[in-house]
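Notes follow the structure.
FYI, it's all coordinate maths here, none of it is from the lab. Treat the numbers as computed from the prediction; the structure is a model and nothing was measured. Using ideal geometry, Cβ is built from the backbone for each residue, glycine included, and neighbour counts are taken over all protein chains shown.
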Amino acid sequence: MSCKGITRRSFLADTGMGFTGLALGAILHRDGVRIRADSTGLQSVPGGGPHFEPRAKSVIWIFLCGGVSHVESFDVKPELTKYAGKSIAETPYASVLATEHANVLGGNPSHGNRKNIMALQTGHRQYGQCGLAVGDWFSHIGQCADDIAAVRLLWTIHNDHGAQLTWQTGRHPRELEHPSLGAWACYGLGSMNENLPEFVVLGVPTGDCCGGAFTYGASHLGPEHGGVRLNTDPANPLPFIRPHEAALSAEEQASNLSLLGKLNRLAGIDYPDDPQLRARIKSYELAFQMQTSVPETIDLSREPAHVRRLYGLDGQDTKAFAEKCLVARRLVERGVRFVQIFHGGGGVVNGMRIRASRRITRSCPVRWINRSQACFRI
Amino acid sequence: MASTPDDANLALDPDNQFLWRMNSRRLEAEAVRDNLLHVTGMLDLATGGPDIDHKLALSSRRRSIYLRTAAEKQSEFLQIFDEPSVNECYQRRPSVVPQQALALGNSELALKLSRILAGRLERECGGDQVRFVTLAFRWVLARQPTAAESEACVRFLSSPATVAHETAGGRGSRMIDNLVLVLLNHNDFVTVR
């Protein structure tokens, strides 16, 4: 059943039945990125406009699946070391066991029901003028303490991996699909380009237990606002990106698309309000553009040496993450509204800790901040 | 058709909140693949037998129901058309995404089948372009083309792109192959009204 809001919005956002044929020639010959939705032309905002003039145009969200230990990174709790080996009940904080957090703090039976406090596994010290306490594993990030914001006011009532989805949709996987943050942003603000999806997903999302496809879904906002997953491998960025055995030339594809748009519009005269037809016409136009725009965007071979170094593209430990970060940067430079990076998997446990923290800290985010080269408008 | 809008009702309830007509919907993933094979006369209707490796989805002619579907063993083509996840009670969430356009426009399956059907219709129509277009519409979309559709297709068949491609000696698709491919990508091909 179609939702009233979506139909109205799609109707206003689209001028008629797509632009196949009409604008194709212009698009084919256009260089660079065209910003369609400038600050005054945001035609697709529900309700007519943003509440205030936004400074940010794009978002790159790096989601480290499984997460790092907050108490050993940016939310250091020295008291854990002080009371190590004791149960919570034996500390001055025993009262927390009587609160709604009890099921988190009381120990998870399926994980061995551990109830004793473990000491911090790394040292820590304060950094910058703000005096941010950071675990020693993350000393590299600590050096930019004055340039980052650590948010420490979040908590959850869930005691397991499923809580991860709360970041993307505000809901637990058992509450099923709800629009993700990226979908909301694109639904509300519209696309800034015609060659790439408005919402791109890089890396492997959390497993189905913890969100899976829900992490980038659009749910009732409509399928066209969901994230599009891309690989960072230039040979295979997404399935069927090129005609099998190069059976079709670009010119043939363009003339096929032009006829297809014509026929779809002719057949659609009886269904002027069909959101699926509009979405399909749009998806064909975008798919055609993506055949050239996606391989171009993820081709990092022509990035200069200093950028490769900056991102850690040549380091064995940092390469996989660096590729995603640099592709994300190239995507927003080309007008993609929202890029969701997923990296890693599973919690950071025991022996993995130091290696994982090294991979993260030596890769991009630190260096962007460190050298003030952040062209990201986060 | 039950989904065709009625002017009076459309004015009263444009979003069909009161279900005065059928909402259009997209074919399920398996039906998209089966239909590709069926309209080109290539669907193997054999029943039973062991399951078929999911990697053979683009080359096998068997019905999609016989393709293996298990965790990490799902056909990419079917997944793109929202084949249900194997561990979520087989709930379907139909989407409209550019990957579907790429799968129907660029895949080995769609390209091969469009060539097969175009070759067969070519023999049947004896070089009559109008007849070719009519037959192609009947086979792929199960209806006659309107006058405007027929005209657009005939113009396509004799467009300069054909000449350019043929003189270049390309061993790729011919214009009639392209026309069938376009119809396989038509909104009506995947839409149930």
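Neighbour counts of other Cβ atoms within 10 Å put A:Trp167, B:Trp20 in the fewest-to-most order B:Trp20, A:Trp167. Put the Cα centre of the range A:185-216 next to the Cα centre of the range A:117-166 and the gap is 26 Å. Peptide B:120-129 is shielded by partner chain Cβ atoms: per residue, an average of 0 of them sit within 10 Å of its Cβ.
Calculated [222 nm] ellipticity per residue, helices only, for chain B: -14000 deg cm²/dmol; basis is -39500 (n - 2.57) per DSSP H run with n ≥ 4, divided by all residues, nearest 500. Scanning residues 5 or more positions from B:Arg26 or on other chains, those with amide H under 5 Å from its amide H are B:Val192, with H placed 1.01 Å from N in the peptide plane. Averaged over peptide A:284-293, the number of partner chain Cβ atoms lying within 10 Å of each residue's Cβ comes to 4. For the Cα trace of the range A:223-353, dividing Rg by the Kirkwood Rh returns an Rg/Rh value of 1.08. Using a simple spin-label model with pseudo-atoms 7 Å out from Cα toward Cβ, B:Ala31 and A:Leu176 lie 2.1 nm apart. Peptide B:174-185 is shielded by partner chain Cβ atoms: per residue, an average of 4 of them sit within 10 Å of its Cβ. Highest mobility in the GNM of chain B, judged by mean-square fluctuation with C-alpha springs under 10 Å and restricted to B:Ala11, B:Ala70, B:Ala101, is found for B:Ala11.
Between A:Ala320 and B:Arg93, the modelled label-to-label distance comes to 2.5 nm, taking each label 7 Å out from Cα in the direction of the beta carbon. Measuring from a point 7 Å past the Cα of B:Arg193 along Cα-to-C-beta, which residues in the range B:125-150 have an amide N at less than 18 Å? B:137-150, by backbone N distance to the label point. For A:Glu194, the residues whose modelled amide H falls within less than 5 Å of its own, excluding neighbours fewer than 5 places apart on the same chain, are A:Arg34.
Rounded to 0.05, the FRET efficiency of the A:Ala56 and B:Ser159 pair, given R0 = 56 Å and the Cβ-Cβ distance, is 0.75. Spin-label model, A:Cys209 to B:Arg131: label points 7 Å out along the Cα-to-beta-carbon direction sit 6.4 nm apart.
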